[in-house]
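Notes to accompany the following structure.
All of the numbers you see were taken from the coordinates with simple rules; none came from a lab. Only a predicted model underlies this, so the values are computations on that prediction, with no experimental measurement involved. Cβ sites come from the backbone with ideal geometry, for glycine too, and all protein chains shown count toward neighbours.
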Amino acid sequence: MTSVSNAAVGAFLAGNAAAKARHGMNEAIARLSTGIRSMYGGDAAGASVAHTLRADGRSAAMSARNVEDGISFLQAGESALLEIAALNTRLRELAVQKLNAAFLDANQEAAITAEENAILAAGNLIDAATLNDTALLSAAINFTRDMDGAVTAFGSNADLTLASGITAVDREMGKISKALGSQAAGIAALKGHQGTLYGLAANAEAAAARVQDTDFARSSADLAKFSILNQSAMAMVAQANQANAAVLAVLN
């Protein structure tokens, strides 16, 4: 009876070893096929850290895209201001030309006035231009920088009111110059924030990969190891069963 019992115990031990080897094989296959090291409970804490890092990184990448909207908004406003500056410069030319009134006849003065009126109308329309229903030159827009804060896009708040006459033109040109400086400062600031966000996104993703991604060399080695152990364990199950059968044959 003792021999039979020992033979049965050997078969049980070999069967348990085969089951453990199969679990190891399945874990290695899962990690190799998904690229995730924490599969089958490999690293619960690491999985939590990696998910948090990836969420932060992807949020930062989205925030950088939001900042790009801010940069585009300010660039559009800058373009509008440059056009207004060009129109304002032409108004000053016409104002200087009108100083020669003693030489100009009524038709020539009327032509100058007509051009001034056309320039004023165009300038006021440009001043009221919008992008996505948002005023380009009279708004300060907030663009998401990260999950918890915001980046202010420097709106010009120019409050432009183009008017003819050298003094009025010069006054407006000062406002335009100040507004252009504000736009440029906003663009530069947003680019700085955007660069930081892109760096954060890349490094957060890299950190998450180091924590969670499969080590393919090690997992491949584990797969080979557990395959051999499984085959060996199954062979031992067969040996133990044969030994048990031999004892029973003697008893018979």
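Quick notes on this structure:
- Under 5 Å between amide hydrogens, built in the peptide plane, is the criterion, and for Leu131 it picks out Leu136 among residues at least 5 positions away or on other chains.
- Neighbour counts of other Cβ atoms within 10 Å put Glu205, Glu109 in the fewest-to-most order Glu109, Glu205.
- Distances between placed amide hydrogens fall under 5 Å for Gly165 paired with Ala95, all partners being 5 or more residues away or on another chain.
- Rounded FRET efficiency, nearest 0.05, which uses the C-beta distance separating Gln75 from Thr167 and R0 of 25 Å: 0.20
- Contour minus Cα-Cα distance for Ala188 and Lys20 (0.36 nm per residue): 54.5 nm
- Taking label points 7 Å from Cα along the Cα-to-Cβ direction, Ala30 and Ala44 give a separation of 1.4 nm.
- Where chymotrypsin sites (Phe, Trp or Tyr not before Pro) fall in DSSP loop in the range 43-148, at most 16 other Cβ within 10 Å: Phe103
- Cross-link reach list, lysines versus Lys20, counting only Cα pairs under 16 Å and skipping chain neighbours closer than eight places: Lys225
- Residue-span extension gain [Met234 to Tyr198] - 0.36 nm each, minus C-alpha spacing: 7.7 nm
- Between Met62 and Ala122, the simple label model (points 7 Å from Cα in the Cβ direction) yields a spacing of 4.3 nm.
- Annotation: extensible slack from Ala111 through Val9 equals 25.4 nm (criterion: 0.36 nm per residue apart, minus Cα-Cα distance).
- The modelled label-to-label distance between Lys225 and Ala86, using points 7 Å beyond Cα along the C-beta direction, is 7.1 nm.
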